[in-house]
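Read-outs throughout are calculated quantities, based only on the coordinates presented, and are distinct from any laboratory measurement. The structure displayed is predicted, hence computed values, not measured ones. Glycine also receives a Cβ, built like all others from the backbone with ideal geometry; neighbour counts cover every protein chain displayed.
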Amino acid sequence: MKKVICLALLAAASVPAWAGGGVRSLDMKANLRSDFGLGLGLTFQLPANFEFAPSANFYFGDYNPLTLDFDFRYRFELPKNFSIYPVVGPVYYHNSDYNHLGVNLGAGFSYDVTSNWAIGLELKYQYVDDFDDTYLSFGASYKF
């Protein structure tokens, strides 16, 4: 199982290199679900309007879970600095006695406050055996 997890993490981390995309933003977020968590991630620009957004999220719950999300998004640009996007991607879930792979499904929107800062909201369903949950993320991104 550890080999599969390492291979999946390595493959997901290499996506920006073979796609030729650069770092688009540094993302900070607060996650609300059955517990509260904080996350930090990067967004990589891929061809067209596709993005790769890996993030690490730590939750302050009973088991102090950690998730590593490897989300892919397709951004639809809207007028007045708004955009919306669907989200799909694998997730690695870890707590004190449980390690498992799952999948994220959801949608989000963002608003460009300035040319360097954006705020956003995501609603995701995270399917992981015995630990699936729906959560809401509020975030801010610093764009490069």
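Taking a label point 7 Å from the Cα of residue 97 along the Cα→Cβ vector, which residues of the range 50-72 have an amide N closer than 12 Å to it?
Counting only backbone N, you get 63.
Please list the equivalent ellipsoid semi-axes of the chain, computed as the square roots of five times the alpha-carbon gyration tensor eigenvalues, in descending order and whole angstrom.
Computed over the chain, the values are 25, 18, 12 Å.
Got a sec to turn the phi values of the range 64-78 into Karplus ³J(HN,Hα) couplings, 6.51 cos²θ - 1.76 cosθ + 1.60 with θ = phi - 60°, whole Hz, x for Gly and Pro?
3J(HN,Hα) across the range 64-78, in whole Hz: 6, x, 10, 10, 10, 9, 10, 7, 10, 9, 10, 8, 9, 6, 10.
What translational diffusion coefficient, to the nearest whole µm²/s, does the range 19-91 have by Stokes-Einstein, given a Kirkwood radius computed over alpha-carbon pairs, a temperature of 25 °C and 0.890 mPa s viscosity?
184
For the chain, give the magnitude of the charge dipole about the Cα centre (Cβ charges: +1 Lys/Arg, -1 Asp/Glu; no others), in debye to the nearest 20. Don't skip to the end; give the middle numbers.
Details: 10 positive and 14 negative charges, 107 e Å.
Using Cβ point charges on Lys, Arg, Asp and Glu, the chain gives about 520 debye.
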